[in-house]
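Note sheet for the following structure.
The values are calculated or read from the model by the stated rules, or taken from the named source; none is laboratory data. Keep in mind the model is a prediction, meaning the values are calculated, not measured. No Cβ is skipped: glycine too gets one built from the backbone with ideal geometry, and neighbour counts run over all protein chains shown.
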Amino acid sequence: MEQWERDSLRAQNSELIAGVEGLREQFDHGMNELVDVYDKVQRIRVEVTSSDRLVKVTSNSAGVVMSLELARNALHNNTAERLTQSINEAIHGAAQAAFQAMSEVTAPLQAVAEGVPEVTEMVTGLPDLARLRQELATGTTDF
C-alpha cells in the first residue's frame, strides 16, 4: 500500500472517529433531554372547567381523568342529559389540553432527533438507507 493511500485511510478514519464522538455527545445530550422530558411528562396535570361551570376535570399527560368535581349546584335544576353534556365537555377539553401540553413538553426531543446526522453524512460511499427505504416503500427502485 502506498503512503498516499495510508494517509487517505488515516484521514477517513480520523473523520469517522470525530463523527462517532460527535454522535456520542449528541446521544448523551439526548439522553439528558429525555430524562428531563420524562420528568416533565410525569408532572403534567391539566384542569378544565365546562362552559357552564358545573364540572371541573383534572387529567394527566395521557388525558386520563384524575379527578372530576361537580359544582355545588350541579345536581339542582339540571337534567341528567345536561350534566352528562357538561361532564363530556370537560373530559374532552381536558384530553385536548393534555395532548397540547404533551406536544409542548416533548418538542425538544424532536429537535434532538432532527440534529442527528445520517450515517451516509459521516462515511462516504455508503448507500443512503433513508432514500432506499423510501424507494422500497413507494416501489420506485431501479433494481
Notebook entry, point to check: Trp4 passes all but one of (1) hydrophobic (A, V, I, L, M, F, W, C); (2) more than 21 Å from Ala113 (Cβ to Cβ); (3) under 34 Å from the mean Cα position of the chain (by Cα); which number fails?
Noted result: (3)
Next item on the list: Those residues that are of a type in the set (Val, Ile, Thr) and not in a helix (DSSP H, G or I), I need them from the stretch 29-55; list them, please.
Entry: Ile44, Val46, Val48, Thr49, Val55
Item checked: Test set (1) in a helix (DSSP H, G or I); (2) closer than 28 Å to Gln110 by Cβ; (3) small (Gly, Ala, Ser) - Ser59 fails condition number -> (1)
Notebook entry, point to check: Out of the stretch 34-56, which residues are buried (at least 17 other Cβ atoms within 10 Å of the Cβ) and under 16 Å from Leu109 (Cα atoms)?
Noted result: Val37
Item checked: the stretch 1-33, residues that are closer than 30 Å to Ala97 by Cα and loosely packed, with under 12 Cβ neighbours inside 10 Å -> Met31, Asn32
Notebook entry, point to check: Given Glu81, Glu121, Glu104, Glu69, which one is under 30 Å from Asn13 (Cα atoms) and either acidic (Asp, Glu) or modelled with pLDDT of 95 or more (or both)?
Noted result: Glu121
Check: Name the pairs whose Cβ atoms lie under 6 Å apart, with the first residue in the stretch 24-49 and within 30 Å of Ile87 (Cβ to Cβ) and touching a residue at least 60 places away in the same chain (Cβ under 8 Å), the second in a helix (DSSP H, G or I) and small (Gly, Ala, Ser), and 6 or more positions between them or separate chains?
Finding: Ile44/Ala101
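Between Ala74, Ala90, which is modelled with pLDDT of 95 or more and surrounded by 12 or more Cβ atoms within 10 Å (Cβ to Cβ)?
Matching residue, one of Ala74, Ala90: Ala90.
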Check: Quick one: how many residues across the stretch 49-65 are over 15 Å from Met102 (Cβ atoms) and among the hydrophobic types (A, V, I, L, M, F, W, C)?
Finding: 4
Notebook entry, point to check: So which residues in the stretch 1-33 are more than 15 Å from Leu109 (Cα to Cα), of a type in the set (Phe, Trp, Tyr) and at pLDDT below 85?
Noted result: none
